[in-house]
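K.L.:
One structure is given below, represented as structure tokens, and several questions about it will come after.
The values are calculated or read from the model by the stated rules, or taken from the named source; none is laboratory data. For clarity, every value in this text was computed on a predicted model and none was experimentally measured. Cβ atoms come from the backbone with ideal geometry, glycine included; neighbour counts cover every protein chain shown.
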2 protein chains.
Amino acid sequence: MPQLVRVQNFNVSSDGIAAGEDQSFERPFGHVDPERLFAWAGATASWPMRTEPGGSRGLDDYLTRDYDRGIGAEIMGRNKFGPQRGPWEDLDWQGWWGDEPPFRTPVFVMTHHVRPSITLGDTTFHFVDDDAASVLALAREAAHGKGVRLGGGATTIRQFLDADLVDTLHVAVSPVTLGTGVRLWESPDELLDRFHLDVVPSPSGVVHHLFWRR
Amino acid sequence: MPQLVRVQNFNVSSDGIAAGEDQSFERPFGHVDPERLFAWAGATASWPMRTEPGGSRGLDDYLTRDYDRGIGAEIMGRNKFGPQRGPWEDLDWQGWWGDEPPFRTPVFVMTHHVRPSITLGDTTFHFVDDDAASVLALAREAAHGKGVRLGGGATTIRQFLDADLVDTLHVAVSPVTLGTGVRLWESPDELLDRFHLDVVPSPSGVVHHLFWRR
């Protein structure tokens, strides 16, 4: 099994927007209600944040439960970790996810402002100021032969796509239009020169886009 | 995670046939060429019997690689294990799969003719003469809290469906018509009184049917 770099369960609107503007502590996705993008995943039996039994076990559940399969490390951009810009003013902030973040591996947070690593449950966040290829080298080593999940946001995924460092992408396109915000693409067709694409409409209304290298 | 009983990657023709008649050592699927049913899975990167690198990483690969996820035991019918009928005449026969069967768990083979257990690689075959519920109890215990895969053939799956012991089914319907053979169903609609169903056409031509309990 090659050590793939994988985007998993990344959500965008039908016009390619992954998050809104004006991100804040109260609104991690800015002006965008994330429920409008994530509802398909939250309805599945395998949703990691599920607190009640039940949930669907069809197509959407297959994709949800593949999220951590064979993954040994994650890379994320700073804005996925928190809404701060510039130097960290409050080191007590430890991300959005509470005492048990759902990653359960080393996580490399790309930022120009490094700070000490944080361990919460089975997740350790490392803060690194380097280019995509160098951060990926760190993540590959930490993953001990398993795959590396590229967690987003859209800007970070674009950075790795531009450096041609991504092996597979699962992008869930929700049937909502957002207009403005942080954009992954104008159209999925932009990736077809380098990737195969399966377009898989789900009965839930989301359209799964599964890319793998040509 | 409940301990589910799952049918995974089970293949039938568009008219519901899973295997042909006149099974023999040379033709495990009787008059049916299994390649006509399995080709979609063999083309994926995660196909367990893959000997060369490459393969697709789209929808069909998600389903192929879920085959063993969270599975701790398999149950199969005797005719999946071998073509013999009646008492075993040659105990040297140890199944179709060589020294490293792809199951890698305990496997319970349902037969009226018991014989000593066989260990090959990470797989141990146990031969049991009992009803579906009793065999399932053995498999659940052997699975140590993980799920139980119901491996087939069609007759065995029907037996467990009739006893209402199946939680989820993934049945891949291939675009071929076979006419005669061992039948899983006349139509997938037969299960809709008890199961939700996602019908998911793949770009490969196969149509994945994903059932889960209502």
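K.L.:
Give the residues of the range A:40-70 that are at pLDDT 90 or above and more than 13 Å from chain B (Cβ to nearest Cβ), sorted by residue number.
P.N.:
A:ALA41, A:GLY42
K.L.:
Identify, from the list A:VAL176, A:VAL182, A:VAL207, the residue that is away from every other protein chain (no Cβ under 14 Å) and closer than 24 Å to A:THR44 by Cα.
P.N.:
A:VAL176
K.L.:
Can you name the number of the only condition in (1) within 15 Å of the chain's Cα centre (by Cα); (2) within 14 Å of chain B (Cβ to nearest Cβ); (3) in a strand (DSSP E or B); (4) not basic (Lys, Arg) that A:VAL148 fails?
P.N.:
Tallying (1) within 15 Å of the chain's Cα centre (by Cα); (2) within 14 Å of chain B (Cβ to nearest Cβ); (3) in a strand (DSSP E or B); (4) not basic (Lys, Arg), A:VAL148 fails exactly one: (2).
K.L.:
Give me the residue from the range B:71-102 that is of a type in the set (Gly, Ala, Ser) and outside any loop (DSSP other than H, G, I, E, B) and, out of that set, nearest to the other protein chains (Cβ to nearest Cβ).
P.N.:
Filtering the range B:71-102 for residues that are of a type in the set (Gly, Ala, Ser) and outside any loop (DSSP other than H, G, I, E, B), the one nearest to the other protein chains (Cβ to nearest Cβ) comes out as B:GLY72.
K.L.:
Please go through (1) within 14 Å of another protein chain (Cβ to nearest Cβ); (2) closer than 12 Å to A:ILE75 by Cα for A:THR105 and return the number of the only condition it doesn't satisfy.
P.N.:
If we test A:THR105 against (1) within 14 Å of another protein chain (Cβ to nearest Cβ); (2) closer than 12 Å to A:ILE75 by Cα, just (1) comes out false.
K.L.:
For the range A:153-162, indicate whether the set of residues that are exposed (fewer than 13 other Cβ atoms within 10 Å of the Cβ), over 19 Å from the mean Cα position of the chain (by Cα) and either more than 14 Å from chain B (Cβ to nearest Cβ) or part of a loop (DSSP other than H, G, I, E, B) (or both) is non-empty.
P.N.:
no
K.L.:
How many residues are free of Cβ contacts under 8 Å to residues at least 24 places away in the same chain and exposed (fewer than 14 other Cβ atoms within 10 Å of the Cβ) if we restrict to the range A:165-198?
P.N.:
So the answer is 4.
K.L.:
When you scan the range B:1-39, how many residues do you find that are within 14 Å of chain A (Cβ to nearest Cβ) and assigned to a loop (DSSP other than H, G, I, E, B)?
P.N.:
Residues meeting the conditions: 4.
K.L.:
Taking the range A:170-210 only, how many residues are acidic (Asp, Glu) and in contact with a Phe, Trp or Tyr (Cβ under 9 Å, 6 or more places away or on another chain)?
P.N.:
Here the count works out to 1.
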